[in-house]
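As structure tokens, the structure follows; a few thoughts come after it.
Bear in mind that the values in this text are calculations on the coordinates, not laboratory data. Here the structure is a predicted model, which means the values were calculated and not measured. Positions of Cβ are backbone-derived with ideal geometry, glycine not excepted, and every protein chain shown enters the neighbour counts.
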Amino acid sequence: MKAQGSVFKYGDNVDTDVIIPARYLNSSDPKELAQHCMEDIDKDFVNNVKQGDIIVADKNFGCGSSREHAPIAIKAAGVSCVIAETFARIFYRNSINIGLPILECPEAAKAIKAGDEVEVDFDNGVITDKTTGASFQAQPFPPFMQEIIKAEGLINYINQKKA
Amino acid sequence: MGMTMTQKILARAAGLDHVVAGQLIMAKLDLVLGNDITSPVAIKEMDKMKTEGVFNKDKIALVPDHFVPNKDIKSAEHCRCVRNFAKKNEITNYFEVGEMGIEHALLPEKGLTVPGDVIIGADSHTCTYGAVGAFSTGVGSTDMAAGMATGEAWFKVPSAIKFNLTGKPAKWISGKDIILHIIGMIGVDGALYRSMEFVGDGIQYLSMDDRFTISNMAIEAGGKNGIFPVDDKTIAYLKEHTKREYTVFEADADAEYDEEYTIELDKLQPTVSYPHLPENTHVVSEAADIKVDQVVIGSCTNGRIEDMRIAAEILEGRHIAKGMRCIIIPATQSIYLECMEKGYLKTFIQAGCVVSTPTCGPCLGGYMGILGDGEKCLSTTNRNFVGRMGHINSEIYLASPAVAAATAIKGNIVSPDAL
């Protein structure tokens, strides 16, 4: 499985309050949440993001609240993958559980610039910056998590195990 | 090699004699928690599962607390969804408006969290119950759904950081100052993926409410959980609040820690986190020039009875500054009632404060105290991110109830000693 898109770049400690402000949490509809994704940090994001685009950020992406609405909003906005130096742990779990691909790769997070065209190969964890030609190797997922990702989320994984 | 307190609790819940950091385990859950924001998403996910309802109706707690009493029609629909689910599945611990409180103040008060438990909650501040010696951690709605259906959750066994708390804190130094100081020291990702284990002779001077505040904010350092050993104060608290039996776990003498820090509690000063991260800490004396428009005293971090007592002690016979808005929110109905019986409500109202029914409202910019463009707020809550309490150009300063009450009176950020 591969993803390709242009990059939206953010810094350290992007928190779930800026990914989806709580004033919109009276909804749990992914489409509605997507309309306000990143609003408090980048008000142009929702107007500029295209299906398949990629978010690249520095350390501790998704810190703060446990709201699953954050990865849901990112996924529903069309983002195909988030690459960061590190992720906050609840955001990390939530992304895997809902089937939003995320990759930890400090080198890629540092080198990739906003607007670069990036390709991600999820099978081998190779991230290629097509604009600069550089490529990076992301941390591989433990096999157990790969199974959840393959099932496209925790609920399907549990259903498949039961069947 | 020995195990940390957290590792021992997780080993028991996974049915294993021994676990090591990094190991993936499947653990049995003693409690699964959700609120009015996260539960509707979990309920939708659970509908997709091939399951016969919940794993145990007594081991699920549903607490509408974020946007209740319903702040608008959409919130009302979320609450209705949770209410109907609770009714259909005969959830024992569903707390309706009138019985509810802010979840992390309510559950220990109701005796639902005891030492040795493994608890997940679809709320990041679920780590609060480490104060009673439980392993508890925040998860998202899908994990909550899976937990409600199966009674199990997967964990990566965390490594740990040891915080050795020594000495006796000065009069106005509370759990809030201690945890803000620690976050300032290690940063908002300083404990990422790891346990924060608090030990040392200083713990004897910390009330249970201080410990709840400290464990509550472990997540603000990125921690998976923040846990205290069980001592006489814990046992006295449990005697008063629960009939459940429990097992006390202690870290092995040869447990391994990634890092160790010593915090001299007797040397701490009242601490304030500046916008827009909890790690931006300063001692209160540096903040004297900062004038604020609003003060909030409450939340799962600082809405407990001791927080109310300290605020009342400072506000007694005084009035808040002209133009100040001071919002005080006792975290549960029982705390609210005690505030009434002890005369704190009268003190607050006579001082010019407003007092609200329990709600998370202002802490996350929901309602009950939203900030406008350029406004500044000194709050006893837990996060000061951009836009957290309202407009993206508003600013939040985090501090203890003592600093909050003194600031409400003076109008600028001060310690009660400055009054």
With the convex hull built on the Cα atoms of the range A:109-163, state its orientation-averaged projected area in nm².
4.7 nm²
Can you tally the net charge around residue B:375? Count Lys and Arg as +1, Asp and Glu as -1, for every other residue whose Cβ sits under 9 Å from the Cβ of residue B:375.
-2
When the gyration tensor of the range B:1-90 is built from Cα positions, what are the square roots of 5 times its three eigenvalues, in whole Å, from largest to smallest?
34, 15, 11
Given springs between every Cα pair under 10 Å in a Gaussian network model of chain B, which of B:22, B:200, B:147 has the largest fluctuation?
B:22
Which length gain, in nm to one decimal place, applies between residue B:322 and residue B:166 when the Cα-Cα distance is subtracted from 0.36 nm times their residue separation?
52.1 nm
The simple spin-label model distance between residue B:207 and residue B:77, using points 7 Å out along Cα→Cβ, in nm, is 4.3 nm
Taking Cβ-Cβ under 4.7 Å as the only way to count a partner, pick out the unpartnered cysteines of chain B.
B:79, B:81, B:127, B:300, B:339, B:360, B:363, B:377
Shape call for chain B, from the Cα gyration tensor axes a ≥ b ≥ c (a/c under 1.5 means rounded, otherwise prolate when a/b beats b/c, else oblate), comes out oblate
Of the cross-linked pairs A:2/A:130; A:162/B:110; B:110/B:176; B:48/B:110, which ones have a Cα-Cα span greater than 25 Å in the structure shown?
A:162/B:110; B:48/B:110
Magnitude of the charge dipole, the protein assembly as shown, Cβ model with Lys/Arg +1 and Asp/Glu -1, debye to 20
1220 debye
How much length, in nm to one decimal, is gained on full extension between residue B:248 and residue B:346, taken as 0.36 nm per residue of separation minus their Cα-Cα distance?
31.2 nm
Note down, for the range B:60-152, the three equivalent ellipsoid semi-axes (square root of 5 times each alpha carbon gyration tensor eigenvalue), biggest first, whole angstrom.
22, 15, 12
How big is the convex hull of the Cα atoms of the protein assembly as shown, per residue, in Å³?
139 Å³
Is the shape of the range B:262-419 rounded, prolate or oblate, going by the alpha carbon gyration tensor and its root eigenvalues a ≥ b ≥ c, with a/c under 1.5 for rounded and a/b larger than b/c for prolate?
rounded
For an R0 of 30 angstrom, estimate the FRET efficiency from the Cβ-Cβ distance between residue B:232 and residue B:20 and round to the nearest 0.05.
0.40
Distant alpha-carbon pairs in chain A (separation over 23 angstrom), percent:
33 percent
First measure r as the distance between the Cβ atoms of residue B:337 and residue B:393, then evaluate 1/(1 + (r/R0)^6) with R0 = 41 Å and state the FRET efficiency to the nearest 0.05.
0.60
Any chance you could check the Cα centroid distance between the range B:369-410 and the range B:271-346 for me, in angstrom?
10 Å
Under the 0.36 nm per residue contour assumption, what length would be gained going from the current alpha-carbon distance of residue B:154 and residue B:52 to full extension?
34.6 nm
For the protein assembly as shown, with +1 on Lys and Arg beta carbons and -1 on Asp and Glu, the positive-most of B:272, B:75, A:135 along the dipole:
B:75
With a cap of 12 neighbouring Cβ atoms within 10 Å, and only residues DSSP puts in a loop, list the GluC sites (Glu not before Pro) found in the range B:1-102.
B:52, B:90
